[in-house]
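The block underneath contains the structure these notes are about, expressed in structure tokens.
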Amino acid sequence: MITTSDINTILGIKENFQLHGALKDILFDEDKKTEVFEKFLEIENDLSYDWFTNYFQTNLKFLNFLNSASILTQLLNG
């Protein structure tokens, strides 16, 4: 299974918030799109599931945690 780290490495990003821009740049460049897809296939060739599902679920949980922590801090600080 492809990992968040694999996706970030293939797309040349260090932080998850950079994903949108990286994907946008790749999708509008036919050669780059093919190159990146081939890199994904080197790691994972199972096309029966969405490779990004775990990526987004993991990051969404983290963002929800940060949001909850922020709310809790605001409540504690009054």
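Between 13, 7, which is among the aliphatic types (A, V, I, L, M), modelled with pLDDT of 90 or more and not in a helix (DSSP H, G or I)?
Numbers: 7 fails: not in a helix (DSSP H, G or I).
Just a single option satisfies the conditions, and that option is 13.
Here is a check on your reading of the model: is residue 68 at pLDDT 85 or above and among the small types (Gly, Ala, Ser)? Give the derivation first.
Numbers: at pLDDT 85 or above: no; among the small types (Gly, Ala, Ser): yes.
It is false that residue 68 is at pLDDT 85 or above and among the small types (Gly, Ala, Ser).
What are the pairs with Cβ atoms under 7 angstrom where one residue, in region 36-55, is part of a helix (DSSP H, G or I) and the other, located anywhere, is among the hydroxyl-bearing types (Ser, Thr, Tyr)? Sequence gap at least six, or different chains.
Matching pairs, first to second residue: 55/4.
Cβ contacts < 8 Å: first residue within 19 Å of residue 58 (Cβ to Cβ), restricted to region 8-31; second residue loosely packed, with under 10 Cβ neighbours inside 10 Å and basic (Lys, Arg), any location; separation 6+ or different chain. Result?
Note: pairs meeting the criteria are 8/14.
The values are calculated or read from the model by the stated rules, or taken from the named source; none is laboratory data. Nothing here was measured: the structure is a model prediction, and the numbers come from that model. As a convention, Cβ positions derive from the backbone with ideal geometry for all residues, glycine included, and neighbour counts pool all protein chains shown.
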